[in-house]
Amino acid sequence: MNGGHQHRVFGKQAQEHILILASGDKVRYMTVRPWMAALAFCFLGVFSIGYLLATSYLVLRDDLIGAAMARQARMQHDYEDRIAALRAQVDRITSRQLLDQQVVEDKVDKLMEQQMALTSRHGKLDNLLDRAESSGLTDKESAPSSPAQSYAPAIKDKRASLGESGIEAIEKQLAGGAPADATPDNTTLAYVPATETVGDRADRIFSKVTLSLKDVEQDQRNRVEQLTSDAGNAANAIESVLTRFKIPMPETATKQDWDDSAVGGPFVEPESNDDFNNSLIALDGALTRLEAVRNTAESLPFRNPAIGKEMTSPFGNRRDPFLGRLALHSGVDFRFSPGEKIRPTAPGKVISAGWTGGYGNMVEIDHGNGISTRYGHMSQVLVTAGDTVDRNDVIGLAGSTGRSTGTHLHYEVRQNGHAVDPVYFMNAGLKLATYIK
């Protein structure tokens, strides 16, 4: 059998080798085919390569282990460095938070002190505004509102108030910014960019609140200065009218020269010497002066006793209606309907009430400062001597008693016992209409 026959497709085929093994009488043979040889060669090649690699590993094992240990050590050192940097970052954040907390508490304390000062000032200003309103200088509803209600909660205890609505609003503002990343990327752990902290936001917010409170304080100061000026102008206007009629000024409306010959006491620092309190003192003095002269003016007969009534005879010389010759008319006559109510032109004390000669039924009222008024020809007197009357009290009913030609009111104003023209007082009352009730 020919082992080297031709293959029909692939041409000449490789020869096969026969391996013969003889042992005594027994003979064995094995045909070694080409693929078996190739497989054995590949196995030997792989074994050789594995042997070489194992030998190389044994030779280089110490170097590889050393390199791995060095790499592990470097990784451990890097990790420890990162942990240390993280701890340092946490310590910085914690320290800054404690510092920011202390800063916020200090600023809140200052804000509360400023609030308490403004609240105290508003309490004083509120009383002065009441007085100014009663004096006709201002409408309390238009006065500036309390800053304490606008910027902070009610004060019970400074520390306790930090947890209430006022500090909650501040904390809400303080929480507006994004916090710093506590676990940033490892490559930038030690170089976290600085962001706006709570302390920085506290500085900005408290600066705005402080400026707002200063604006409120300035508005109050401007309001006080304006009221002081208005009170002074009103007092000057009233004093000018009183001076024209030679009415003495009340003592509280003039500066008092204190006698230092019998005074004393320990020296104590003044409660406050700031401009706002000084302006309040000035306003208090101006209002006191205004109230004094205003009360004096309101006690005098500057009003019209017969508003809307026809004047039938003025003050001065005229032809006497009964004798037909020249005579002095010591008052002013107003036409009235029978039985109409007659009221005084100012409060005072009744010094005469009843029949008085040519006056008929007459009432005379003393208003102080040497000024008195008379109301004559009444049909009925409704008061008695010694009574104290106000402007709205009815003192009698209109009539035509005494020397009278018809129902009317004879109205007189007397100063130190001498009759003066009532029109002068009524004209002055028109000028004082904006200052007196």
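Pick out the one residue from G308, G357 that is out of contact with any strand residue (DSSP E or B) (no Cβ under 9 Å at 6 or more places or on another chain), of a type outside the set (D, E) and open to solvent by 60 Å² or more (accessible area, probe 1.4 Å).
Working: G357 fails: open to solvent by 60 Å² or more (accessible area, probe 1.4 Å).
Going through G308, G357 in turn, just one is out of contact with any strand residue (DSSP E or B) (no Cβ under 9 Å at 6 or more places or on another chain), of a type outside the set (D, E) and open to solvent by 60 Å² or more (accessible area, probe 1.4 Å): G308.
More than 60 Å from the chain's Cα centre (by Cα) and open to solvent by 30 Å² or more (accessible area, probe 1.4 Å): which single residue out of R335, R325 fits that description?
Working: R335 fails: more than 60 Å from the chain's Cα centre (by Cα).
It is R325.
Count, please, the residues in region 317-368 that happen to be in a strand (DSSP E or B) and of a type outside the set (V, I, T).
So the count comes out to 23.
Would you tally the residues in region 416-437 being open to solvent by 60 Å² or more (accessible area, probe 1.4 Å), closer than 15 Å to T345 by Cβ and touching a residue at least 24 places away in the same chain (Cβ under 8 Å)?
Residues meeting the conditions: 2.
Kindly check whether there is at least one residue in region 295-311 that is among the β-branched types (V, I, T) and either in contact with an Asp or Glu (Cβ under 6 Å, 6 or more places away or on another chain) or at pLDDT 85 or above (or both). Write out each step before concluding.
Within region 295-311, the subset among the β-branched types (V, I, T) is 296, 307.
If we keep only those that are either in contact with an Asp or Glu (Cβ under 6 Å, 6 or more places away or on another chain) or at pLDDT 85 or above (or both) too, we end up with 296, 307.
Yes, region 295-311 contains a residue that is among the β-branched types (V, I, T) and either in contact with an Asp or Glu (Cβ under 6 Å, 6 or more places away or on another chain) or at pLDDT 85 or above (or both).
Just a yes or no: is a residue in region 381-400 under 21 Å from D421 (Cα atoms) and touching a helix residue (DSSP H, G or I) at 6+ places or on another chain (Cβ under 7 Å)?
no
List pairs: first in region 383-397 and closer than 18 Å to E298 by Cβ and open to solvent by less than 60 Å² (accessible area, probe 1.4 Å), second of a type in the set (S, T, Y) and not in a loop (DSSP other than H, G, I, E, B), Cβ under 6 Å, 6+ apart or cross-chain?
Pairs found: none.
Give me a count of the residues in region 56-93 that are closer than 30 Å to I205 by Cβ, open to solvent by 60 Å² or more (accessible area, probe 1.4 Å) and either of a type in the set (S, T, N, Q) or at pLDDT below 80 (or both).
0
So for region 232-243 (the condition being at pLDDT below 75 and in contact with a helix residue (DSSP H, G or I) (Cβ under 9 Å, 6 or more places away or on another chain)), does at least one residue qualify?
Quick first cut of region 232-243, residues at pLDDT below 75 only: none.
Within region 232-243, none of the residues are at pLDDT below 75 and in contact with a helix residue (DSSP H, G or I) (Cβ under 9 Å, 6 or more places away or on another chain).
Condition check: of a type in the set (G, A, S) and under 56 Å from the mean Cα position of the chain (by Cα). Does G402 satisfy that?
Values: of a type in the set (G, A, S): yes; under 56 Å from the mean Cα position of the chain (by Cα): no.
In short, no.
Among the residues of region 399-415, is any touching a Lys or Arg at 6+ places or on another chain (Cβ under 6 Å), open to solvent by less than 50 Å² (accessible area, probe 1.4 Å) and part of a helix (DSSP H, G or I)?
Looking for residues that are touching a Lys or Arg at 6+ places or on another chain (Cβ under 6 Å), open to solvent by less than 50 Å² (accessible area, probe 1.4 Å) and part of a helix (DSSP H, G or I), one finds none in region 399-415, hence no.
Give D100, D91, D81 a once-over and let me know the one that is of a type in the set (D, E), in contact with an Asp or Glu (Cβ under 9 Å, 6 or more places away or on another chain) and over 30 Å from N277 (Cα atoms).
Within the list D100, D91, D81, the selection yields D100.
Going by the structure shown, is V350 on the phi < 0 side of the Ramachandran plot and open to solvent by less than 30 Å² (accessible area, probe 1.4 Å)?
Criteria met by V350.
The values are calculated or read from the model by the stated rules, or taken from the named source; none is laboratory data. If you're wondering where the values come from, they're calculated on a predicted model, not measured in any experiment. Here Cβ is always computed from backbone atoms with ideal geometry, including for glycine, and neighbour counts include all displayed protein chains. Remember, those area values only see protein heavy atoms, side chains included, never the ligands or the DNA or RNA. Shrake-Rupley method; radii C 1.70, N 1.55, O 1.52, S 1.80 Å.
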